[in-house]
Every structure is written in structure tokens, then in C-alpha cells.
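These notes are about the structure you will find just below.
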Amino acid sequence: MNALESALARQPRVPLGHLPTPLEPLDGLARALGPGPRVFANWDDCTGLAFGGNKVRKLEFLIGEARANGADTLITTGGVQSNHARQTAAAAAKLGLVCELVLPRMVEGRDAAYDASGNRLLDDWLGARVRIVARPADVAPAVAEIQARATSSGDVAAFIPAGGSSPTGCFGYAQAALELAAQLERDRLHVEAIVLAVSTGGTLAGLLVGLEAIGLSIPVIGIGVYAPRAQVAPAIRELGARTSARLGTPEVPDSRLDLRDDWLGPGYGLPTDALCEAIALTARSDGLLLDPVYTGKAMAGLIALRRQGNLPEGNVLFWHTGGAPGLFAYPELVPASDDAHSPQARTKR
């Protein structure tokens, strides 16, 4: 057992995920795009719990810690169509815990169906108590009110930050680095780069901490989907430093953080033409369903980098963090059957 494995083994954890997740080539995408690096996908939408996704890995440690502290109630936050909220609600249902969701409106211009479909519909099916608030600034007072009510009832409520992005949540992706290393060794596969979506940053920070700890120097390209790089990068550096300090592993050098915001478009949750093309292309080339907030923009970045010749030769791994339920909240993005593979497929407003 290496130092990272030993440190993670000491952390409270509850088994939630279907792990390891599949690692497979996207050969249909390669055929559609033509000559260039071969693309593989790590299917973290296969982690289980109500359509799965990357948050399941984080929740194993976050809920492990919460239960170790006696919690019987989980409180978390995210946008109205939050994948993290949906997966937290699913984990709470599985473990017999109360789940309280405080969801601020973060995407402008959506209609009433947006509040009742996709992840929001699943929140209700999973038994979560949901409060929708007007702005992110309204989250803290709502959470404080819920915590006070829980305390007065003799309950213990644990707050999980948006995206599960805390050092404890990052442990899930430090663990994922160990899983990836074992898969690459098993398959005798060499990967030249990893591409993934970045929002609150816990997935990227945790993966970098894990890779650094085991000496696996694969470059990781983060595609920003939440805010400009200048706003997000310092938070990811701090999160990574706190995580490695908790685990007692080497700190990640600043040079390892490769975060790009070229495919953010007009903002979080707002579609772009490149996103629409990416979702249609991967769906019809490999049966891979991306989402209109996170993985669609990450794949748009990967496709653009590949077309530009700006990915290393060899094999590139796309870390599919899940989120497909969000597709049902954006029905206007569905392309016509005859243009789904075309760069001319456009967002319908």
C-alpha cells in the first residue's frame, strides 16, 4: 500500500459507487473527426445512484465524514438543475438520511419547465426537501435556517458545499487517480492527456493531488464551464493545497494547473453552438450522452483542440463526469436528424 492509499484508507467512507467505472475508446468519434489522437472515455456516469456522475465519488467521503460526526441530515446547494444535488439526494435516500436542498437560480432565461424537469424532477422522486431561492446570496441564510431547525429538533445536520468541493470531497478524485493508474496498467494503455469539465473545481483538484501523489505525470486539461479562469484557478490551487495537506502528500506544482475558459461562452448553463455540436456528435457516434452545462462544453473543448492539432499525439482521455438528466431541461437543443453531425447544427432560441 503506497502513501496515498494508506492516507485514504484512514478516512471515513461509505460505499456508494459502482467502481471502477469503464474506460473505453470512442472510436466512432475518432472516425467522425478524422486523423488525430485516439480518444478514450472514463464513464463516470456509470457510478450508480440515480443516473450516476462524478459526485458519487466525492459523496463516499463527504457522507462518511458526516456520519462519523453523527449527522442524520444532509444539506447541500447547487443550481436548480444541479447534478450534485440530485446525487446527494440519491445517496441520502439509500442511507436513510434526510436531504435538504437549497437551489439558487443561476441560469437566466429559462422557463417554468426548467424548474420541473431533469434533475429537479429527480430531486422530488428521491424524497429531498427542496427550497429554490432567487440568488446565490440567498443560500447562506436559508442553510442557516435549516440548520437551526434541525438543531432545535435534536437532529445533526451536515452541510456539503456546492459540487462537494472541499478537501474531503477531493479525496474521491485522489482515489480515482489510483483507480485510473490500475486500469492503465491492466490495459497496458498510455494516456498523453486527460480532459474534463471544471466548475467548482473539486474533481480537478482531487485528481491532480492523486496523480501527483503517485507520480503519474499525465497532463490534465480543465475546461471551465462556470466562470472565467481568473476567478476559478486560485480557488482550485487553494483546494488542492488543503487536500494534499490533509493527506500528507506532495503539493501540486502551479505548473500542473491547466485551466481553459475558451469554451465557456456567455456563461454558466448557457448553451453554445460548439456545445450543441459536441452533444449531438458523441451521442450519434458512440452512444455517449453528454449534458448541456458541463460535459458538453468540455467535449467541445476537446474537439476544438483536436481539430487545431493542439492535443498531444497518442491517446487522450475524456473524463465523462455525467449530468445527462440535464438534457431534459434543454429540449430546444435537440438537433434535426439530418444535421446532428454537422457543425452547422445550431442552438434553437
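The values are calculated or read from the model by the stated rules, or taken from the named source; none is laboratory data. Everything quoted here is computed from the prediction, not taken from an experiment. In this analysis, Cβ positions are derived from the backbone assuming ideal geometry, glycine residues included, and neighbour counts consider all displayed protein chains. The protein model used for the area step is the full one, side chains on, heavy atoms only, and it has no ligands, DNA or RNA in it. Shrake-Rupley method; radii C 1.70, N 1.55, O 1.52, S 1.80 Å.
Could you grab the relative contact order for segment 35-147? Cα pairs under 8 Å, six or more apart, rounded to a whole percent.
Working: 149 pairs, mean separation 27.0, N = 113.
The value is 24 percent.
Converting the Cα gyration tensor eigenvalues of segment 1-106 into ellipsoid dimensions via √(5λ) gives semi-axes, longest first, of 31, 21, 11 Å. When shorter helices are ignored and each DSSP H run of at least 4 residues is given -39500 (n - 2.57), the per-residue value for the chain at 222 nm works out to -13000 deg cm²/dmol. Taking every alpha-carbon pair in segment 182-287 and binning the separations at 10 Å intervals from zero gives 14, 39, 32, 15, 1 percent. Name the residue farthest towards the positive end of the dipole of the chain from the options THR151, ASN2, LEU264, assuming +1 on Cβ of Lys and Arg, -1 on Cβ of Asp and Glu, about the Cα centre. Working it through, the farthest residue towards the positive pole turns out to be THR151. Surface composition of segment 252-304: carbon plus sulfur atoms hold 50% of the accessible area, using a 1.4 angstrom probe and ignoring ligands, DNA and RNA. Near ALA41: Cβ cut-off under 10 Å, other residues only, Lys/Arg at +1 and Asp/Glu at -1. The net charge is -4. Plainly put, segment 14-67 has a radius of gyration that is 1.19 times its Kirkwood radius, both from alpha-carbon atoms, as the Rg/Rh ratio.
Express as a percent, rounded to the nearest 5, the fraction of DSSP beta bridges in the chain (both residues included) that run antiparallel. Provide the component values of the computation, followed by the final result.
Values: 3 of 34 bridges.
Once the DSSP bridges in the chain are tallied, antiparallel ones form about 10 percent.
Taking every alpha-carbon pair under 8 Å whose residues sit at least 6 apart, segment 223-305 reaches a relative contact order of 35 percent. Between LYS94 and SER255, the FRET efficiency estimated from the beta carbon spacing at R0 = 51 angstrom works out to 0.80. Within the accessible area of segment 1-93, what % is carbon and sulfur when the probe is 1.4 Å and the other protein chains stay in place? It is 51 percent, rounded to a whole number. In the chain, a dipole from Cβ-located charges (positive for Lys and Arg, negative for Asp and Glu) runs towards its positive end, and of SER217, THR203, LEU288 it is THR203 whose Cα lies farthest in that direction.
Suppose every Lys and Arg Cβ carries +1 and every Asp and Glu Cβ carries -1, with no other charges. What dipole size does segment 9-134 come out with about its Cα centre, to the nearest 20 debye? Please list the in-between numbers first.
Working: 15 positive and 13 negative charges, 54 e Å.
Roughly 260 debye, rounded to the nearest 20.
With r defined as the distance between the Cβ atoms of ASP262 and ALA148 and R0 fixed at 51 Å, what FRET efficiency is calculated, to the nearest 0.05? Show your work: numbers first, answer last.
Working: r = 43 Å, r/R0 = 0.85.
According to the calculation, E is roughly 0.70.
Neighbours of LEU302, meaning other residues whose beta-carbon lies under 14 angstrom from its beta-carbon, give a summed charge of 0 when Lys and Arg score +1 and Asp and Glu score -1. Each part reduced to its alpha carbon centroid, segment 1-45 and segment 151-198 end up 11 Å apart.
Mean sequence separation of contacting Cα pairs (under 8 Å, at least six apart), scaled by the length of the chain, corresponds to a relative contact order of 21 percent. ASN54 sits among other residues whose Cβ lies under 10 Å from its own Cβ, and their net charge, with Lys and Arg +1 and Asp and Glu -1, is +1.
How many Å² of accessible area per residue for segment 169-310, probe 1.4 Å? Working shown, then result.
Values: 5060 Å² over 142 residues.
Result: 36 Å² per residue.
Taken one residue at a time, the phi angles of segment 71-83 give Karplus couplings (6.51, -1.76, 1.60, θ = phi - 60°) of 5, 10, 9, 10, 10, 8, 9, x, x, 3, 9, 5, 5 Hz. Gly and Pro are set to x. For the chain, a crude dipole built from +1 on the beta carbon of Lys and Arg and -1 on the beta carbon of Asp and Glu, taken about the Cα centre, is about 300 debye to the nearest 20.
Express the accessible area of segment 12-146 per residue in Å², computed with a 1.4 Å probe while the remaining protein chains stay in the model. Display every interim value, and only then the final one.
Values: 5390 Å² over 135 residues.
Normalised by residue count, the accessible surface of segment 12-146 is 40 Å².
So how much slack lies between ARG129 and LEU189, counting 0.36 nm per residue of separation and subtracting their Cα-Cα distance, in nm?
Working: separation 60, 0.36 × 60 = 21.60 nm, distance 4.45 nm.
In short, 17.2 nm is gained.
Across GLN87, GLN183, GLN308, mean-square fluctuation computed from a Gaussian network of the chain (C-alpha pairs under 10 Å connected) peaks at GLN308.
Take the eigenvalues of the Cα gyration tensor for the chain, scale each by 5, and report the square roots as semi-axes in whole Å, largest first.
Working: eigenvalues 183, 134, 57 Å².
Taking √(5λ) for each eigenvalue gives 30, 26, 17 Å, largest first.
Sort segment 83-131 into rounded, prolate or oblate with this rule: let a ≥ b ≥ c be the square roots of the eigenvalues of the Cα gyration tensor; rounded if a/c is under 1.5, and if a/c is not under 1.5, prolate when a/b is larger than b/c, oblate otherwise. Prolate shape, in that a/c is at least 1.5 and a/b is the bigger ratio.
Taking all protein chains as present, what is the carbon and sulfur share of the accessible area of segment 118-210, in % to the nearest whole number, probe 1.4 Å? Show your work: numbers first, answer last.
Details: 2030 of 3760 Å².
Ligands and nucleic acids excluded, carbon and sulfur reach 54 percent.
Sorted from greatest to least, the principal axis extents spanned by the alpha carbons of segment 234-341 come out as 53, 33, 25 Å.
Taking label points 7 Å from Cα along the Cα-to-Cβ direction, GLU24 and ASP273 give a separation of 3.2 nm.
Rolling a 1.4 Å probe across all protein chains gives THR321 an accessible area of roughly 10 Å².
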